[in-house]
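Single-structure report; data block below.
The values are calculated or read from the model by the stated rules, or taken from the named source; none is laboratory data. Quantities reported herein were computed from a predicted structural model and do not represent experimental measurements. Counting neighbours? That spans all protein chains shown, and the Cβs are built from the backbone with ideal geometry, glycine included. These accessible areas exclude ligands, DNA and RNA; they are computed on the full protein's heavy atoms, side chains included. Shrake-Rupley method; radii C 1.70, N 1.55, O 1.52, S 1.80 Å.
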Amino acid sequence: MKDHPDHLAGAWSELVATARRTAADGLVVGTSGNVSVRVKDLILVTPSGVPYDRLGPSDITGVDLEGRPIIGRLRPTSELPLHLAVYRHTPATAIVHTHAPHATAVSTLVPELPPIHYMAAALGGPVRVAPYALYGSDELAAHMLDALRDRTAALLQNHGTIAYGDDLAQALDRTAQLEWMCRVWLTAVSVPGHTPSLLSPAQLDAAGERLRGYGQHGHAPA
């Protein structure tokens, strides 16, 4: 890492810490999922097939917006097309992709996560499910972009989640919020003889307005 500027070293360190957090929080298993962060026109991204606990400063992996290798000796994640598509078409500066279990289960059941909680407003509205396509494919990236329209997170059918933000902390928080909402919905619909109440578009809009002014720096409510 001594050959790279301090700001890249710091960004890589935070990326690795975020990737390890996805594993520790049960959002991924093994080497599934991936994390990236944009530093100007450079995309730092987790490498393919390397356990997060083995990543160190010398494993920094970076590509340009066309996916061409710029930094590092390791091959980038096989889901690089997903990350590049988000960076090209949204204001994202950080992305977290996981195989979170509750979210993945929901992706197999419905075309959109029902609005079970007002935190859906923090993601732009009810979270859509992108139709299935082979992982790492341009087709999957195209489906994902459609599902992300006016949203900051989406479900990928029979696959997992994608969420972006202004930084890694926000992208990870949005991922965690999505997984939690999926767990709540699955729990609610599993109760025999009961149908969960859902929020109306007007209720979500009102929650979204209030969330925009919440907290010290716009963080999600406790």
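Within segment 113-125, the residues that satisfy the criterion of being open to solvent by 30 Å² or more (accessible area, probe 1.4 Å) and under 18 Å from the mean Cα position of the chain (by Cα) are 122, 124.
So which of 67, 26, 10 is of a type outside the set (Phe, Trp, Tyr), under 20 Å from residue 159 (Cβ atoms) and surrounded by fewer than 18 Cβ atoms within 10 Å (Cβ to Cβ)? Before you say what the answer is, go through the steps one by one.
Details: 67 fails: under 20 Å from residue 159 (Cβ atoms); 10 fails: under 20 Å from residue 159 (Cβ atoms).
Criteria check complete, one pass: 26.
Among the residues of segment 70-107, which ones are open to solvent by 10 Å² or more (accessible area, probe 1.4 Å), hydrophobic (A, V, I, L, M, F, W, C) and either at pLDDT below 95 or in contact with a Cys (Cβ under 9 Å, 6 or more places away or on another chain) (or both)? The one that is open to solvent by 10 Å² or more (accessible area, probe 1.4 Å), hydrophobic (A, V, I, L, M, F, W, C) and either at pLDDT below 95 or in contact with a Cys (Cβ under 9 Å, 6 or more places away or on another chain) (or both): 105. Look at (1) assigned to a loop (DSSP other than H, G, I, E, B); (2) under 17 Å from residue 183 (Cβ atoms); (3) not basic (Lys, Arg) and you find that residue 50 fails only one, number (2). Of the residues screened, residue 104 is not one that is under 21 Å from residue 43 (Cβ atoms), in contact with a helix residue (DSSP H, G or I) (Cβ under 9 Å, 6 or more places away or on another chain) and of a type in the set (S, T, N, Q). If the condition is being open to solvent by less than 10 Å² (accessible area, probe 1.4 Å) and part of a strand (DSSP E or B), then segment 29-46 contributes 34, 35, 36, 43, 44, 45.
Of everything listed in (1) touching a strand residue (DSSP E or B) at 6+ places or on another chain (Cβ under 7 Å); (2) surrounded by fewer than 23 Cβ atoms within 10 Å (Cβ to Cβ); (3) within 26 Å of residue 20 (Cα to Cα), the single unmet condition for residue 110 is (3).
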